[in-house]
Amino acid sequence: MSLEKKESYKHTLPHFQQPGQAYFVTWCLKDSVPKKALKRYTDELVLLGDAISNRVSSRQLEIAAPNPDIEKLRMQYYSLRKKYIKAYDDLLDAERSPIVNLSKPGSTKIIIEAIQFWEGKKLLNRAWSIMPNHVHWVLQLLEKDEEGKPVYLQDILQSVKRHIANQINKAEGRVGNLWQKESFDTTIRDEKHLYFAIEYTLNNPVLAGLVKDRRDWPGNWCGIGCGDL
């Protein structure tokens, strides 16, 4: 029997989650992207998410025969979300004065330790890139943890981001929120999609003009099967 899907609306964007799923995740520092910069994309995504939710429940999506209208909405949603994330990343890469530099060795170490904490317990790491003001993370959730409980992405992100914020705030002598409220997760559909998600992640420092060769970026990492980064 398939494990339960978990659909939620955290802040403004819909998130479709299921244990055992692979994801490409991005999250960034507070105020790295102006609040109104991506409002049009956000509004359209919310409308598409509402349309999908109103037509069929998560459980029905799991057991019902394919519905062309619903699949069309889902494709529109994921296409628009891809454009949203590209625009979002472009804004992040253009920002040069973050409240905290995540690519500093001390901060990078804190982030890596947090990302690795659940390795083999709740997830398998595929790749990550720690940029000055944001993090790209490709991971595979396990279906169940050591206690037999389903593993959900939003629970992992809450745990990891909270720990990182506490540790970096302590190291930097600051208080208050560190992260922008919204995280962006894209469901990995297949091996081809996984490959491109990893490539995008590792090439981010090059696209941002921080290094010429992605192997020179200390915040990059890729697991088994990635070769020489």
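Do you know which residues across the range 92-126 are in contact with an Asp or Glu (Cβ under 7 Å, 6 or more places away or on another chain) and buried (at least 20 other Cβ atoms within 10 Å of the Cβ)?
If the condition is that a residue be in contact with an Asp or Glu (Cβ under 7 Å, 6 or more places away or on another chain) and buried (at least 20 other Cβ atoms within 10 Å of the Cβ), then Lys122 is the only one that fits.
Evaluate the range 161-173: report whether one residue or more is part of a helix (DSSP H, G or I), modelled with pLDDT of 90 or more and within 12 Å of the chain's Cα centre (by Cα). Show your work before the answer.
If we filter the range 161-173 for residues that are part of a helix (DSSP H, G or I), which is where we start, we get 161-172.
With the extra rule that they be modelled with pLDDT of 90 or more, the set shrinks to 161-172.
Adding the requirement that they be within 12 Å of the chain's Cα centre (by Cα) leaves 161.
Within the range 161-173 (the criterion being part of a helix (DSSP H, G or I), modelled with pLDDT of 90 or more and within 12 Å of the chain's Cα centre (by Cα)), the answer is yes, since at least one residue qualifies.
Need pairs with beta-carbon distance below 7 Å; first residue in a loop (DSSP other than H, G, I, E, B) and within the range 208-229, second modelled with pLDDT of 95 or more and aromatic (Phe, Trp, Tyr); sequence gap 6+ or separate chains.
Leu210/Trp217; Val211/Trp217
Give me a count of the residues in the range 206-225 that are small (Gly, Ala, Ser), modelled with pLDDT under 95 and closer than 19 Å to Asp89 by Cβ. First the steps, then the outcome.
First pass over the range 206-225, keeping only residues small (Gly, Ala, Ser): 208-209, 219, 223, 225.
Now narrow it down to the ones that are modelled with pLDDT under 95: 208-209, 223, 225.
Keeping just the survivors that are closer than 19 Å to Asp89 by Cβ gives 208-209.
The qualifying residues number 2.
Just for the range 137-160: of the residues that are in a strand (DSSP E or B) and surrounded by fewer than 16 Cβ atoms within 10 Å (Cβ to Cβ), which one is nearest to the chain's Cα centre (by Cα)?
Among those that are in a strand (DSSP E or B) and surrounded by fewer than 16 Cβ atoms within 10 Å (Cβ to Cβ), it is Gln140.
How many of the residues making up the range 95-136 are over 17 Å from the mean Cα position of the chain (by Cα) and in a loop (DSSP other than H, G, I, E, B)?
11
The values are calculated or read from the model by the stated rules, or taken from the named source; none is laboratory data. Given the structure is predicted, the values throughout are model-derived calculations rather than measurements. Positions of Cβ are generated from backbone atoms using ideal geometry, with glycine treated the same way; all protein chains shown enter the neighbour counts.
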